Amino acid sequence: MIVPAFIMLADLALALPAARSAETATLLTTEFTYTATLPAQPFAHGTIRMWLPLPSDGAWQRVRDLHVDAPGPSRITSEKEYGNRIVYLETPVTNGPMKVVVRFTVDRAISEPLPGSPGTGVNIKRSLLADRNVPLGGRFGEIAAELTRPGQTVAQKARSLFDHVVATMQYDYKKDSPKLGEGDVAFVCDYKKGNCSDLHSYLISLARSLKIPAYLEFGFPISGIPLAEPQPREGAITGYHCWTWFHDPALGWRPLDASDGRRWLDANRPELRDKVFGELVPERSAVAFSRGRDITLEPAQNGPPLNYFIYPYAEVDGAPVKPTWEVRYKLGR
């Protein structure tokens, strides 16, 4: 019989810019419960390994009151390329389902530019490289060059790319795309429709082709578009959201959300389309979880690198198996 293990971690330090206190900077405080369940494996034997994404402290976010409830010893690790945090569990296979529950509170601050590169968790050089589904140059370099002109600032070029994606790409509300969420830039460029992962991967390909550092960040929203009025105090979250950070040498790392820009335009709210170039809507980015693509976990998984890491991943005797997941939220004070 496996004895459940309960882990309580101390509050983590807040790394908000010195010009603002945590109290004045916080826009949204939310309690989250993230549950991953691996169905029973009646014909398997050996070892179950499970990895769950875990949000990190940063310049715009504090994670506190973290508790992990797991059926066996677990530990917190960090993958090497992006610094994404992970709850890792390794346990013998049992006949029944296995459940891991992670609870934490997030104080989310206004996403003002942060000078320089520290605090983002991503190396500038890495955010200039290609990913498996995000190529550089070629037709994407040509498109990016056509959209911009010599002498523009980085911010002006990024705005041109943002406007291009919002104007020419459609959000796939009906989930018709055969490659929905894969971030396959070559496919998205032709199909001209996708979800936030698809639209932002295309934008990142254009930005990196112009030597503008950019990366994708995944998290969870607590509201759709248009925003719920009033926002329910608690509820279930049905899926991830993601956005892009780009590096402006004059202003530091800045966020943009071209996917939501398209959705705000569809909702007849053009003023919010413009707002999400340079600022994130708190209800749409209530917690930032992980960054980047082609993720090798820590410890490394047996399977190939993950296209992204926002949902739990598990292996039984080295073979991938798919856990179910549930994320619920409750608004704090």
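Bear in mind these aren't lab numbers, they're just calculated from the coordinates by the rules spelled out. Owing to the predicted nature of the structure, the values given are computational and were not obtained by experimental measurement. All Cβ positions, even for glycine, are placed from backbone atoms using ideal geometry, and neighbour counts span all protein chains on display.
Holding the Cα-Cα limit at 18 Å, pick out from Lys174/Lys275; Lys275/Lys330; Lys157/Lys211 the pairs that are longer than that. Spell out each step's value before the answer.
Numbers: Lys174/Lys275 25 Å; Lys275/Lys330 26 Å; Lys157/Lys211 11 Å.
Cα-Cα > 18 Å for Lys174/Lys275; Lys275/Lys330; rest within.
Computed over the Cα atoms of the chain, what is the convex hull's projected area averaged over all directions, in nm²?
On the way: hull surface 68.8 nm².
The orientation-averaged projected area of the Cα hull of the chain comes to 17.2 nm².
Per 0.36 nm of contour for each residue apart, how much would the distance between Thr77 and Trp325 grow if the chain were fully extended, relative to their Cα-Cα spacing? Mind dumping the intermediate values first?
On the way: separation 248, 0.36 × 248 = 89.28 nm, distance 2.01 nm.
So the extension gain works out to 87.3 nm.
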If each part is reduced to its alpha-carbon centroid, the stretch 195-262 and the stretch 57-88 end up apart, in Å, by 22
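Ignoring chymotrypsin sites (Phe, Trp or Tyr not before Pro) that are buried or in helix or strand per DSSP, and keeping those with at most 11 other beta carbon atoms within 10 Å, what is the longest stretch of the chain between them?
With a cap of 11 other Cβ atoms within 10 Å, the longest stretch comes to 174-333.
How much net charge surrounds Gly235 when only the other residues with a Cβ under 13 Å from the Cβ of Gly235 are counted, with Lys and Arg +1 and Asp and Glu -1?
-1
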Stokes-Einstein, Kirkwood over Cα pairs, the stretch 126-284, 25 °C, 0.890 mPa s; D in µm²/s equals 155
